[in-house]
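Just so it is clear, none of the values below were taken in a lab; they were calculated from the coordinates. This structure is a prediction, so every number in the text was calculated from the model and none was measured. Cβ coordinates were reconstructed from backbone atoms using ideal geometry, including for glycine residues, and neighbour counts include every protein chain displayed.
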Amino acid sequence: METILEENEALWELFDAMSRLRGREEYALFFRDLCTMGELTAMAERWQVARLVAREIPYREIHRLTGVSTATITRIAHWLRYGEGGYRMMIRRLAGIERPQAGS
């Protein structure tokens, strides 16, 4: 994990708060207060692109489906393949391939 992330106490406090949310409605309420609509939309867009890349959809098709630039798609694909593993973990979990760890 990136050192700057590991050492940022405020981020870990945010992660702790998020881990206590229960269900989609609480997530929606919390994130809507925390983020602008633009920030939420950007995160949703990244998640959509990550799932399409994981399905091996060609980048130009992803661009056509989402309107996201191929440069952004390439950046998301890089993080999907070489990042911390968060995208892959959640994609597998939602597909029922991986179960959440105890305490998650």
Given the candidates GLY85, ALA17, ALA54, the one whose Cα lies deepest towards the positive end of the charge dipole of the chain, counting +1 at each Lys or Arg C-beta and -1 at each Asp or Glu C-beta, is ALA54
Roughly how many nanometres apart are two label points built 7 Å out from the Cα toward the Cβ at MET18 and ALA95? 2.2 nm
For the GLU56, ALA28 Cβ pair and Förster radius 30 Å, calculated FRET efficiency rounded to 0.05 is 0.50
Just one of [x] 25, 17, 16; [y] 56, 21, 10; [z] 45, 25, 10 is semi-axes √(5λ) of the Cα gyration tensor in Å calculated from these coordinates, so which is it? [x]
